[in-house]
1. From the mean inverse distance of alpha carbon pairs (Kirkwood) and the Cα radius of gyration, derive Rg over Rh for the range 254-296.
2. Between residue 167 and residue 330, what is 0.36 nm times their sequence separation minus the Cα-Cα distance? Round to one decimal in nm.
3. State the three equivalent ellipsoid semi-axes of the range 89-149, derived from the C-alpha gyration tensor as the square roots of 5 times its eigenvalues, in descending order and whole Å.
4. To the nearest 0.05, what FRET efficiency results for residue 101 and residue 241 with a Förster distance of 30 Å applied to their C-beta separation?
5. Determine the relative contact order of the range 147-211: mean sequence separation of Cα pairs under 8 Å and six or more apart, normalised by residue count, in whole percent.
6. Label the range 130-198 by shape, choosing from rounded, prolate and oblate, from the square roots a ≥ b ≥ c of the eigenvalues of the Cα gyration tensor; if a/c is under 1.5 it is rounded, and otherwise prolate applies when a/b is larger than b/c, oblate when it is not.
7. Beyond 16 Å, what percent of the Cα pairs of the range 145-250 remain?
8. Please compute the modelled spin-label separation between residue 318 and residue 348, points set 7 Å along Cα→Cβ, answer in nm with one decimal.
């Protein structure tokens, strides 16, 4: 997964090819400057997306802040840092009716992506972006593609908030955008180069990644694959198989219930707190970081420990097997059954009672957007 993240970083230096034309969607749409639309105005029928008049010519100027850059439609050199404030001139709201098998794909260069689930077979898109950019929802081969682009298919910045059917699979991609998803009961793939990726209350397989941002999963059921190169990976109240990776960040797993855990970091620590299932497999590894494992009372686990320059501590009485020697040894807790492998080249390996393991709190999650306006049934 880490090789995929590195490839994503390199891929963001080249502009995407212009999207192929597609048949227009039947939708309800409205666009107005500055102030948000009322529910009645937002649902006013329209034949399609009306082209906007080009802005009056003006002299090229340079907007410089620290970050990645591109040349916009007016010849301005835009340099945008992560989480930089952007002035959005257009607020639009679009409502689309989608068939049951539709998947959603979002590509957003900068801004934010927020997705919330509801119980309708409709997708509501709320977008804030610059006047020279435009929203492009396209339905192709069973996938609803949503992006905001410039007139020449250049990258654009937008804040996107969507309400989607809870059954809809998601494919979310960004360079600068933070990604936040809640309540979706389907597969989610989400990746960002600089932004954080957060998923809450999901039911389905997750594949989440960020290069510079953190990855956080809360209250999820289903297989989780989570990776960050330079930041924290945190999983809380997850039920299902877990595969977590980081290079320079820590990995924290709290109150997880899994028959199969594989978590490794190069320079960060790895922490695990959860029950060990019979015949479950748990592998925790770090090259330079520490390993901390909270063991519930009454656990039945076969433990193997391996380290080179590191050390081992246990808050639980253990009896090392007679054949253990050097810094590679095994022992059994209770009657055994589950397999716990702990490996650290030069870090500290600790076994603690579960009540003695306190996780470092992650940064608070961003506030949820306001609920969508209620509509009368037709």
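Read-outs throughout are calculated quantities, based only on the coordinates presented, and are distinct from any laboratory measurement. None of the values given here were measured: they were computed from a predicted structure. When we count neighbours, we look across all protein chains shown, and the Cβ atoms used for this are built from the backbone with ideal geometry, even at glycine.
1. 0.97
2. 54.1 nm
3. Whole-Å semi-axes of the equivalent ellipsoid: 21, 13, 10.
4. In this case the efficiency is close to 0.70.
5. Relative contact order comes out at 26 percent.
6. Cα axes put the range 130-198 in the oblate bin.
7. More than 16 Å apart: 56 percent of the Cα pairs in the range 145-250.
8. In this crude spin-label approximation the distance works out to 1.5 nm.
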